Amino acid sequence: MPTEILDTTLPSMRRAADILRAGGLVAFPTETVYGLGADARDSQSLHRIFSAKQRPLKNPLILHVANIQAAERLVKFNDFTRQAAAAFWPGPLTLLLPLRLDSGISHMVAAGQDRVGIRIPDHDIALRLLNSFGHPIAAPSANRSNHISPTQADHVVHDLDGRIDAVIEGGNCRCGLESTILMPCEEGIMVLRQGVISESEIAQKLGISPTIMPAAAELQTPGQHCVHYAPNAPLRTDARKVSSDEVWIGFGPDQPNATLNLSLTGDLDEAAARLYATLRQADQLVRSSDHFAIACAPIPTWGIGKAINDRLIRAAGRRRS
């Protein structure tokens, strides 16, 4: 059956919550990307997520909760991680924390590990769904595994139509990149996945400069594969020259002749918000023309630019340095 498209009215929120209670899958918007939600307590429902996305079972999921009290019931905070939650929640920060033995969360969420990623989304629709459902929702991005993440409901339908029960149409995601993932460690705090919240913001608010997880480290969170967020067409990054058989994604006012442009004004926040939609558009242009590949112009490496470059490097199938 085709995936049901829900609006954001109260009856639709109740309908979405009922689908989750019945073991179904609902895609919903957050400030980062669209998530594919299931009851985090129900292993059978969670198995449907992995099947729908064709996602490896060893790849952990992220818990979404409505408030800090709900998070406290599921995971163990220390003083530092509680400070991080106070600074950035609700918002695009995921904390990898020890799972309580009595949490009731399925082992599939953490993929057999003793820690789980958890966050409070900063999005009215996501919070309304969480409150209507009344339980934690496990949600990876609502796309085929390793493919370009979805920032519009149409992206979800394109990837998963007929494989999930419903998607809530909530417009474009505001941030456009996944959450930053932090984990406490002996050195203080480690960034497991670069995201919307930059290292400089973390250092400013928490008084400590985070370290970046080594590329060869063991998989602990989503988004750590060296091939991820990838279009079907080959992608070349840091492209300063473009051939005639490439779709050119530019950045900034110096590239007005680019086929597509992440931000004509050189705004990194705009570029982040437009990244995945632009990659999907470029991929479509390759399929519908005589182009062979995608070439993306260099992106500055400060602020959220680091996360944009991380996604582009993985989309191109390379490990970040």
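The values are calculated or read from the model by the stated rules, or taken from the named source; none is laboratory data. Please read these numbers as outputs of a predicted model, since none were measured by experiment. Cβ coordinates were reconstructed from backbone atoms using ideal geometry, including for glycine residues, and neighbour counts include every protein chain displayed. To get the accessible areas, we keep the full protein, side chains included, count just its heavy atoms, and leave off ligands, DNA and RNA. Shrake-Rupley method; radii C 1.70, N 1.55, O 1.52, S 1.80 Å.
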- Relative contact order [Cα under 8 Å, 6+ residues apart], the chain, whole percent: 20
- Message: For the chain, what is the number of Lys pairs with C-alpha distance below 28 angstrom, counting only pairs 8 or more positions apart or on separate chains?
- Response: 6
- Ignoring ligands and nucleic acids, what accessible area does residue 158 show with a 1.4 Å probe (Å², nearest 10)? 120
- Query: How would you rank 279-287, 10-18, 178-186, highest first, on the average number of other Cβ atoms within 10 Å across their residues?
  - Reply: 178-186, 279-287, 10-18
- Query: Size of the dipole of region 1-57 about the Cα centre, Lys and Arg at +1 and Asp and Glu at -1 on the beta carbon, nothing else charged, in debye to 20?
  - Reply: 180
- What net charge is computed for the residues neighbouring residue 178, neighbours being all others with C-beta under 9 Å from the C-beta of residue 178, Lys and Arg scored +1, Asp and Glu -1? +2
- Note on the chain: alpha-carbon gyration tensor, axes a ≥ b ≥ c; rule is a/c under 1.5 for rounded, else prolate if a/b larger than b/c, else oblate; result oblate
- Message: Among 96, 83, 61, which residue has its Cα furthest toward the positive end of the charge dipole of region 23-118, with +1 on Lys/Arg Cβ and -1 on Asp/Glu Cβ?
- Response: 61
- Message: Given points 7 Å out from each Cα along the Cα-Cβ axis, report the residue 269 to residue 285 separation in nanometres with one decimal.
- Response: 2.6
- Please report, as a whole percent, how much of the solvent-accessible surface of the chain comes from carbon and sulfur atoms (probe radius 1.4 Å). 50
- Note on the structure: Counting all Cα-Cα pairs in region 106-146, those more than 14 Å apart amount in percent to 59
- Using a 1.4 Å probe and counting only protein heavy atoms, arrange 240, 100 so the residue with the most accessible area comes first. 240, 100
- Query: Under a 1.4 Å probe, what is the accessible area of the chain per residue, stated in Å²?
  - Reply: 42
- Task: Have a look at 244, 149, 103 and tell me which one the Gaussian network model of the chain (Cα, springs below 10 Å) gives the largest fluctuation.
- Result: 244
- Query: Once region 99-222 is represented by equal point scatterers at the alpha-carbon sites, with solvent omitted, what log10 I(q)/I(0) does the Debye formula produce at q = 0.11, 0.13, 0.14 Å⁻¹?
  - Reply: -0.48, -0.68, -0.79
- Among 258, 166, 126, determine the one that fluctuates most according to a GNM of the chain built with springs between C-alpha atoms less than 10 Å apart. 258
- Mean-square fluctuation maximum in Gaussian network of the chain, Cα pairs under 10 Å, restricted to 93, 260, 275, hits 260
- Count charges around residue 273 for me, please; just the other residues with Cβ under 11 Å from its Cβ, Lys/Arg as +1, Asp/Glu as -1. -2
- Query: With the Cα gyration tensor of region 257-321 giving a ≥ b ≥ c as the square roots of its eigenvalues, does the rule (a/c under 1.5 for rounded; else a/b larger than b/c for prolate; else oblate) give rounded, prolate or oblate?
  - Reply: oblate
- Task: Would you kindly calculate the translational diffusion coefficient of region 115-172, applying Stokes-Einstein with the Kirkwood radius from alpha carbon pairs, for 20 °C and a viscosity of 1.002 mPa s, and quote it in µm² s⁻¹ without decimals?
- Result: 168
